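As structure tokens, the structure follows; a few thoughts come after it.
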Amino acid sequence: MDTSVKGWNKWANAHTYYSLDILRVALGVFLIIKGAYFITNSREFEDVITPVSNFLGGMFVFHYIASAHIMGGFLIIFGLLTRWCIIAQLPILIGAVAINFIGEMNALNLILALLTLGISIFFLFYGSGKHSADYYFKMEK
């Protein structure tokens with residue numbers, strides 16, 4: 001099997017299912033909701049990142065996470081630049097998993113972060129699939 005991105009796209013387009021498209025859309029919606037949640041509950045977010053805020057710069061991290069989740073979520077929903085959006089999410093999701101071990105452990109947050117990270121890694125390799133804007137624009141050539 002071809003291990004290039006083009007080979008992965010061929011495989012994904014041959015094995016496309018509506019359930020995977022629904023999962024991609026659900027991932028995008030979840031990211032948008034989490035981004036909006038961070039914006040509306042900024043004090044709680046500051047409490048969560050307290051263990052690493054001096055190291056990373058709290059306001060930069062806050063703006064990066066909120067904007068990456070919201071903009072990336074919309075693009076993932078439409079299947080546009082999905083892999084690039086997932087790459088932008090990976091540091092956030094890895095940080096979300098790690099923050100549970102550095103700071104106070106929250107089992108629900110850890111499970112959500114691990115699940116979202118796993119789904120994101122899947123779509124990093126799978127791509128956006130056949131029912132996406134990426135596929136549509138590729139076929140327009």
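The values are calculated or read from the model by the stated rules, or taken from the named source; none is laboratory data. No experiment lies behind these values; they were computed from the predicted model shown. A quick note on method: Cβ atoms are made from the backbone with ideal geometry, for glycine too, and the neighbour counts reach across all protein chains shown.
Which one is surrounded by the fewest Cβ atoms within 10 Å (Cβ to Cβ), of the residues in the range 42-94 that are modelled with pLDDT of 90 or more and on the phi > 0 side of the Ramachandran plot?
It comes out as L81.
Confirm whether F30 is in a helix (DSSP H, G or I) and either exposed (fewer than 14 other Cβ atoms within 10 Å of the Cβ) or modelled with pLDDT of 85 or more (or both).
Yes: the conditions hold for F30.
Restricting the range 114-134 to residues that are small (G, A, S) and modelled with pLDDT of 95 or more, which is farthest from V29 (Cα to Cα)?
Only one residue fits best here, namely G118.
Out of the range 86-111, which residues are closer than 19 Å to F30 by Cα and among the β-branched types (V, I, T)?
The answer is I86, I87, I92, I94, V97, I111.
Modelled with pLDDT under 90 and over 18 Å from the mean Cα position of the chain (by Cα): is that true of L20 in this structure?
No; evaluated as a whole, the condition is false for this residue.
How about the range 100-113: which of its residues are in contact with a helix residue (DSSP H, G or I) (Cβ under 7 Å, 6 or more places away or on another chain), at pLDDT below 85 and outside any loop (DSSP other than H, G, I, E, B)?
N100, I102
For the range 56-112, name all the residues that are among the basic types (K, R) and over 11 Å from the mean Cα position of the chain (by Cα).
Across the range 56-112, there are no qualifying residues.
Would you mention how many residues in the range 109-133 are in contact (Cβ under 8 Å) with a residue 60 or more places away in the chain and of a type in the set (G, A, S)?
Within the range 109-133, residues that are in contact (Cβ under 8 Å) with a residue 60 or more places away in the chain and of a type in the set (G, A, S) number 5.
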